[in-house]
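The values are calculated or read from the model by the stated rules, or taken from the named source; none is laboratory data. Being a predicted model, the structure only gives us computed values, none of them experimental. Virtual Cβ from ideal backbone geometry, glycine too; neighbours counted across all protein chains shown. Each accessible area value is taken on the protein alone, full model and side chains, heavy atoms only, with ligands, DNA and RNA left out. Shrake-Rupley method; radii C 1.70, N 1.55, O 1.52, S 1.80 Å.
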Amino acid sequence: MNYWEIFKKGIFEMNPIFRLALSLCPALAVTSNVFNALGMGFVVMFVITANNIVVSLVRDYVNPKVRVPVFITIIATIVTLTQLILEGYFPEVNKELGLYLELVVVFAIILARAEVFAMKNTVVPSFFDGLGMGVGFAVAMVFIGAVRELLGPGTFLGYQVLPASYDGPLIMILAPGAFLVIGLMIGMFNVIGEHQAKQAELKRRAATAAGLVVQRSEA
Amino acid sequence: MAHGHDDKNNSVIRIAMNLALTCFISGVIIAGTFAITEPAAEAQRIKAKNDAMRELVKDADSFKAIDGKDGWYAGIKGGKAIAYVVPAQGKGYAGVIQMLAAVAPDGKILDYKVLKHAETPGLGDKMTEPKFRNQFAGKTAKDMEVVKVPTDKNIQALTGATITSRAVTNGVREAAEAVAAYSAGQKK
C-alpha cells in the first residue's frame with residue numbers, strides 16, 4: 001500500500017465517524033456550529049498524527065501488556081502540551097476550544113489508530129495514517145457542523161446565510177439534532193459505499209470476461 | 001513488539017517499570033513545557049483581565065485593587081471611584097458561569113462580562129450578546145427578576161435558556177447587592 005492509499009482511506013473508506021462510527025461523542029457535542037467543529041477537527045488531526053508518530057517510534061520499548069495505559073499517557077502528554085502552548089501563545093483559540101481539549105485524551109479513534117496501525121508500522125506510514133484519519137475526522141465534523149448550523153440558526157461560520165427571519169428548529173443545535181444528522185449521513189455514506197463496491201464488482205467481472213474472451217481467441 | 005514475549009519480559013516488575021518510566025518521561029516533558037509557557041500564560045491572563053475591566057468601565061483612568069475584598073477592583077477617574085468591578089457567578093445549566101460585573105457605587109449595574117461558561121451553544125451562550133446584556137444596564141438589585149414577558153423593570157429570559165438567564169441574573173444581582181452594601185459602608 002503506498003502512502004497516498006494510506007492517507008486516503010481515512011477520508012472515505014474508513015472515515016472515523018461515518019464508516020467506523022468511532023468518536024461519536026465529540027461529533028455530537030462540538031458540532032453545533034462550524035467554527036467549533038473545525039477547531040476540534042484541527043486539534044484531533046494534530047493529536048492523532050503526533051500520537052501515531054510517537055507510538056511508532058517507541059513501539060519496540062512498550063511492553064504489550066501495558067500498551068493501552070502507555071498510549072493513553074502519550075496521548076494525554078500531547079494534549080497537555082497542546083493546551084499549555086495554546087494557553088500561553090494563542091489565548092483566543094484556547095478560549096474557544098479550552099472546554100473540549102481535555103476530552104481529546106479519551107477519543108476512541110486516536111487510541112484505535114495507535115493500536116491498529118502505529119503499533120505495527122514504521123514512522124512514515126504511521127504519519128500518513130494519522131494525518132488521513134485526522135483529515136477524515138475533521139471533514140466529517142465540518143460536514144455535520146455545517147448542516148446543523150445552517151438548519152438551526154441559519155448561519156455559516158457565524159455569518160447569516162439564510163434570511164434573518166428564518167427561525168430554525170431548535171432541535172438542530174441540541175444533541176438530538178446531532179443524532180439525526182449523523183444517522184442520516186452514515187446512511188448516505190453507506191449507500192455511496194455500496195454503490196462503489198457494486199461498481200468495482202462490475203468492473204472486475206467485465207475484466208475477467210474480457211480476459212476470457214482474449215484467452216478463447218488465443219485458443 | 002520486536003522483543004520477545006518470554007516470561008522474563010512479562011514479569012510484574014518489568015511491566016510496572018515500563019509504565020512508570022512512561023509516566024516519568026511524560027511528567028518531565030510536561031513540567032519542562034510548563035516552565036517555558038507559564039510566564040506567557042500568566043501575562044495573557046493578566047492582560048485578559050485588564051482588557052475585560054477596561055471594556056466594562058470605559059471611562060476609568062486606572063483600576064485599583066480593593067483591600068480585603070478578593071478580586072474586587074475600583075475603576076478610578078479623577079481620584080474618585082466611579083465603578084466597582086467585582087467577580088460574580090451563577091449556577092448555570094452546565095456548571096458554574098463566571099462573570100465580572102461592573103457596578104456603579106450606587107448599586108446600579110453598568111455591564112457584565114462572562115469569563116467562563118459551558119452553556120449550550122446557540123441557546124445559553126446568547127447571554128454574552130448585547131441584546132440580553134443591555135437589559136441589565138442601569139438596574140439595581142430589586143429590579144432584577146427573570147420573566148418571560150418583558151417589562152421595563154425586569155429581565156426577559158432567553159428563549160430556551162431560562163436556567164442560564166436566571167443564573168446570570170442571580171450572579172449579577174448578588175454583585176450589585178454586595179457593591180451597594182460596600183459603598184454604603186464606605187460613606188459612613
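Once both labels are modelled 7 Å past Cα along the beta-carbon direction, what's the A:Leu184-A:Thr122 spacing in nm?
4.7
For chain A, what is the relative contact order in percent, using Cα pairs closer than 8 Å and at least 6 residues apart in sequence?
Across chain A, relative contact order equals 33 percent.
Can you give the three extents of the C-alpha atoms in the stretch A:102-219 along their principal axes, from longest to shortest, in whole Å?
On the principal axes, the stretch A:102-219 reaches 74, 39, 23 Å in Cα extent.
Which value, in Å to one decimal place, does the Kirkwood hydrodynamic radius take for the stretch A:3-218 when every pair of different Cα atoms is included?
Values: mean 1/r = 0.0525 Å⁻¹.
Hydrodynamic radius (Kirkwood, Cα pairs) of the stretch A:3-218 is 19.1 Å.
Leaving ligands, DNA and RNA out of it, work out the accessible area of A:Val147 with a 1.4 Å probe and give it in Å² to the nearest 10.
50
Suppose each label sits 7 Å from its Cα in the direction of the beta carbon; what would the B:Asp67-A:Lys8 distance come out to in nanometres?
So the label points at B:Asp67 and A:Lys8 sit 7.4 nm apart.
What number do you get for chain B when its Cα radius of gyration is normalised by 2.2 N^0.38 Å, N = residues? Numbers along the way, then the final one.
Details: Rg = 24.2 Å, N = 188, 2.2 N^0.38 = 16.1 Å.
Normalised by 2.2 N^0.38 Å, the Cα Rg of chain B equals 1.50.
Could you sort A:Arg113, A:Arg204 by accessible area so the largest value comes first, with the probe set to 1.4 Å?
A:Arg204, A:Arg113
May I ask you to derive the relative contact order of chain B, considering only C-alpha pairs under 8 Å and at least 6 residues apart, and to give it as an integer percent?
Contact order relative to length: 15 percent.
Sum -39500 (n - 2.57) across every DSSP H segment of at least 4 residues in chain B, then divide by the residue count to get the 222 nm mean residue ellipticity, nearest 500.
Result for chain B: -14000 deg cm²/dmol, rounded to the nearest 500.
In whole angstrom, and with the biggest value first, how far do the Cα coordinates of the protein assembly as shown range along each principal axis?
111, 58, 33
For a Förster distance of 30 Å, can you work out the FRET efficiency between the beta-carbons of B:Ala40 and B:Lys131, rounded to the nearest 0.05?
E between B:Ala40 and B:Lys131, to the nearest 0.05, is 0.30.
Using a 1.4 angstrom probe on heavy atoms only, work out the carbon and sulfur share of the accessible area of chain B in %.
Answer for chain B: carbon and sulfur cover 57 percent of the accessible area.
For A:Val54, B:Val57, write out the residues from largest to smallest accessible area, computed with a 1.4 angstrom probe and no ligands counted. Write out the running numbers ahead of the final one.
Working: A:Val54 50, B:Val57 5 Å².
These residues rank, largest area first, as A:Val54, B:Val57.
Please work out how many pairs of lysine residues in chain A are eight or more positions apart (or on different chains) and have Cα atoms closer than 27 angstrom.
7
Under the Karplus relation 6.51 cos²θ - 1.76 cosθ + 1.60, θ = phi - 60°, what is the ordered set of whole-Hz ³J(HN,Hα) values for the stretch B:75-89, x standing for Gly and Pro?
x, 9, 9, x, x, 10, 6, 9, 7, 10, 9, 10, x, 9, 8
In terms of Cα to Cα distance under 21 Å, which lysines are near enough to B:Lys148, apart from those fewer than 8 places away along the same chain?
Partners within reach: B:Lys91, B:Lys126, B:Lys131, B:Lys139.
Taking beta carbons within 10 Å but only from partner chains, what does the mean come to for residues A:59-65?
Per residue, the number of nearby Cβ atoms from other chains is 6 on average.
In peptide B:38-48, how many Cβ atoms from other protein chains are near each Cβ within 10 Å, on average? Intermediate results must be reported in sequence, preceding the final value.
Values: counts 3, 1, 6, 9, 2, 2, 7, 3, 0, 1, 3.
Averaged over the peptide's residues, the number is 3.
Could you work out which residue, out of B:Ala31, B:Ala94, B:Ala43, moves most in a Gaussian network model of chain B, that is, has the largest mean-square fluctuation with Cα springs under 10 Å?
B:Ala31
Ignoring ligands, DNA and RNA, what accessible area per residue does the protein assembly as shown give at 1.4 Å, in Å²? Before the final figure, lay out the partial values.
Working: 22010 Å² over 407 residues.
I get 54 Å² per residue for the protein assembly as shown.
To the nearest 100 Å², how much accessible surface do chains B and A hide from each other in total, with a 1.4 Å probe? Numbers along the way, then the final one.
Details: alone 12070 and 12320 Å², together 22010 Å².
Buried area between the two chains comes out at roughly 2400 Å².
In peptide A:165-177, what is the residue-averaged number of other protein chain Cβ atoms found within 10 Å of each Cβ?
Values: counts 0, 0, 1, 1, 0, 4, 0, 1, 5, 5, 1, 0, 0.
Average per residue, whole number: 1.
With each label point set 7 Å from Cα along the Cα-Cβ vector, what nm distance links A:Val106 and B:Leu21?
3.0
If one takes the longest principal axis of the Cα atoms in chain B, at what angle in degrees, from 0 to 90 and to the nearest 10, does the Cα axis of helix B:162-187 lie?
60
Direction-averaged shadow area of the convex hull around the Cα atoms of the stretch B:42-96, nm²?
Averaging across all directions leaves 5.0 nm² for the Cα convex hull.
Once you've got the GNM for chain A with C-alpha springs shorter than 10 Å, pick whichever of A:Val116, A:Val34, A:Val139 has the biggest mean-square fluctuation.
A:Val116
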